[in-house]
Amino acid sequence: MAIIKTYSDSKMLAIEAASHIVQCAQESISNHGFFSLVLAGGSTPRATYEVLATVQFVQRIEWEKVHIFWGDERCVASNHEDSNYRMAFDIMLKHLPIPVKQIYRMKGEIEPKEAAKEYENWMQSFFAVRAPRFDLILLGLGYDGHTASLFPGTRAVSETRRLVLDNYVRKLSTWRLTMTPQLINQAANVNFLVSGKGKAEILRRVLAGRYAPEEFPAQIIRPENGQMRWLLDADAAALL
Ligand code: 6PG
């Protein structure tokens, strides 16, 4: 069963989401010596990254034992303003003592098929003989029900073999790179971060509407052997 938590406003949501990352990092590091964290793009995760980069939070995590991945990326250069890597780097990563070789960015600037394959290969060598099970995956929710770059009606939503895919999004006339549901659902923890009035209706549909993952891809995220959490602010939760 998913855990649903609602906080008074987006600021509290960011603080609680960051506190949960700290807790998850500490547990993972004491369990198996490292913490694998998958980041999302979007404005709600961004507020959480800002909190993690503050002095009070920086010292609560052994950052040299953290490995950073991305759930999705836009097909642009790494210094482009739309790059999910750039957003996380500017807001958080450049302030943290994480070894550069432990930051695995999706290469939005190369041919999408090649970039997806390369990311899968990195992941396979990172997890070696173990199944690719991330300690924590952060996700946002789009107004159309997408999450990561799993957009309604795109092929990545129903992909069952690949871990990362190049995904053409017709309505945006663009390619995206994205982790597949198959991979996300193997994680130990999946946290959706959702804030704002504008998300209330889609959140209601995703959580309480009929099951139609082709239409609302976020519904397909159901970790098989992990814990899913919906961390919301009161505005987003207004219609639940
Ligand atoms: C992206 C994201 C995407 C995002 C949602 C929510 O690259 O666009 O990874 O899935 O998280 O669209 O974004 P907001 O929090 O900005 O609404």
- Which entries in K107/K199; K94/K117; K11/K197 show an alpha-carbon gap greater than 18 Å? K107/K199; K94/K117
- Once you put a point 7 Å from the Cα of R222 and another 7 Å from the Cα of L239, both along the Cβ direction, what distance in nm separates them? 2.2
- With a point put 7 Å past each Cα toward its Cβ, work out how far R161 is from Q56 in nm, to one decimal. 5.0
- Treating only Lys and Arg (+1) and Asp and Glu (-1) as charged, each at its beta carbon, one finds that the chain has a dipole about its Cα centre, in Debye to the nearest 20, of 300
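Could you compute the longest span of the chain free of GluC sites (Glu not before Pro) located in DSSP loops and having at most 16 other Cβ atoms within 10 Å, not counting the site residues?
Excluding the exposed sites themselves, the longest stretch runs over 110-213.
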- segment 36-81: Kirkwood hydrodynamic radius (Cα pairs, Å) comes out at 12.3
- Query: D for segment 104-240, whole µm²/s, Stokes-Einstein with Kirkwood Rh over alpha-carbon pairs at 37 °C and 0.692 mPa s: what number?
  - Reply: 212
- Report the charge-dipole magnitude of segment 68-111 in Debye, nearest 20, computed about the Cα centre from +1 at each Lys and Arg Cβ and -1 at each Asp and Glu Cβ. 260
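Rolling a 1.4 Å sphere over the protein heavy atoms, what is the accessible area per residue of segment 96-148, to the nearest Å²?
Normalised by residue count, the accessible surface of segment 96-148 is 47 Å².
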- Note on the structure: Of the candidates L139, Q186, G153, the farthest towards the positive dipole end of segment 68-189 (Lys/Arg Cβ +1, Asp/Glu Cβ -1, centred on the Cα centre) is Q186
- Heavy-atom accessible area of R133 with all protein chains present, probe 1.4 Å, nearest 10 Å²? 100
- Query: Taking the alpha carbon gyration tensor of segment 15-158, what are the square roots of 5 times its eigenvalues, largest first, to the nearest whole Å?
  - Reply: 23, 18, 15
- Note on the structure: Residue-normalised value, i.e. accessible area per residue, for segment 1-83 at 1.4 Å probe, in Å², stands at 48
- How much length is gained on full extension from S8 to V76, taking 0.36 nm per residue of separation minus their Cα-Cα distance? 20.9 nm
- Add -39500 (n - 2.57) for each DSSP H run of 4 or more in the chain, then divide by its residues: what number comes out at 222 nm, to the nearest 500 deg cm²/dmol? -9000 deg cm²/dmol
- Query: In whole Å, what are the Cα extents of the chain along the three principal axes, biggest one first?
  - Reply: 43, 42, 35
- Message: As a test question: what accessible area, to the nearest 10 Å², does Y104 have when a 1.4 Å probe is rolled over all protein chains in place?
- Response: 40
- When the Debye formula is applied to the Cα atoms of segment 1-71, each taken as the same point scatterer, what base-10 log of I(q)/I(0) results at q = 0.11, 0.18 Å⁻¹? -0.28, -0.75
- Heavy atoms of H95: accessible area, 1.4 Å probe, square angstrom to 10: 100
- L172 versus R130: modelled label distance in nm, points set 7 Å from Cα along the beta carbon direction: 3.1
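The values are calculated or read from the model by the stated rules, or taken from the named source; none is laboratory data. On a predicted model such as this, the values are computed, not experimentally measured, just so you know. Counting neighbours? That spans all protein chains shown, and the Cβs are built from the backbone with ideal geometry, glycine included. With ligands, DNA and RNA removed, areas are computed over all heavy atoms of the protein, side chains included. Shrake-Rupley method; radii C 1.70, N 1.55, O 1.52, S 1.80 Å.
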